[in-house]
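Asker: My questions will all concern the structure given below.
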Amino acid sequence: MSHREHPQPGILLRFLRGEAAPAEQRAVVRHLLSGCAVCTAVMRPIWALSDRRARGPAAPQPAPGKSVPSKLLRWSGARI
């Protein structure tokens, strides 16, 4: 695969799963770094999803106008 050719779907899937052979990984990375807007647009939402998963769930926030009770903060060990 040259940097001008789009990766085949199977190679892209293996790349995303971390199962691509080293040569396939290099080819996909080289292709993306070449600035392919089509492949970057395909990959961006997938990367964003994996990034959110890596960070874990967002901490719950109190409802607007509500505060966290100080008793709960003391229990959690947070400094008040």
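Asker: Would you mention how many residues in segment 25-43 are assigned to a helix (DSSP H, G or I) and surrounded by fewer than 11 Cβ atoms within 10 Å (Cβ to Cβ)? Please lay out each step first, then the result.
Answerer: We begin by selecting, within segment 25-43, every residue assigned to a helix (DSSP H, G or I); these are 25-33, 37-43.
When the remaining residues are screened for being surrounded by fewer than 11 Cβ atoms within 10 Å (Cβ to Cβ), the result is 33, 37-38, 41.
Residues in segment 25-43 being assigned to a helix (DSSP H, G or I) and surrounded by fewer than 11 Cβ atoms within 10 Å (Cβ to Cβ): 4 in total.
Asker: Another one. Just to be sure I understand, how many residues within segment 1-24 are open to solvent by 70 Å² or more (accessible area, probe 1.4 Å) and touching a Cys at 6+ places or on another chain (Cβ under 9 Å)?
Answerer: Matching residues across segment 1-24 total 3.
Asker: Looking at segment 9-59, which of the residues that are at pLDDT 90 or above and polar (S, T, N, Q) is nearest to the chain's Cα centre (by Cα)?
Answerer: It comes out as Gln25.
The values are calculated or read from the model by the stated rules, or taken from the named source; none is laboratory data. Predicted model only: the values in this text are computed from it and were never measured. Cβ sites come from the backbone with ideal geometry, for glycine too, and all protein chains shown count toward neighbours. Accessible surface areas use protein heavy atoms only, side chains included; no ligands, DNA or RNA. Shrake-Rupley method; radii C 1.70, N 1.55, O 1.52, S 1.80 Å.
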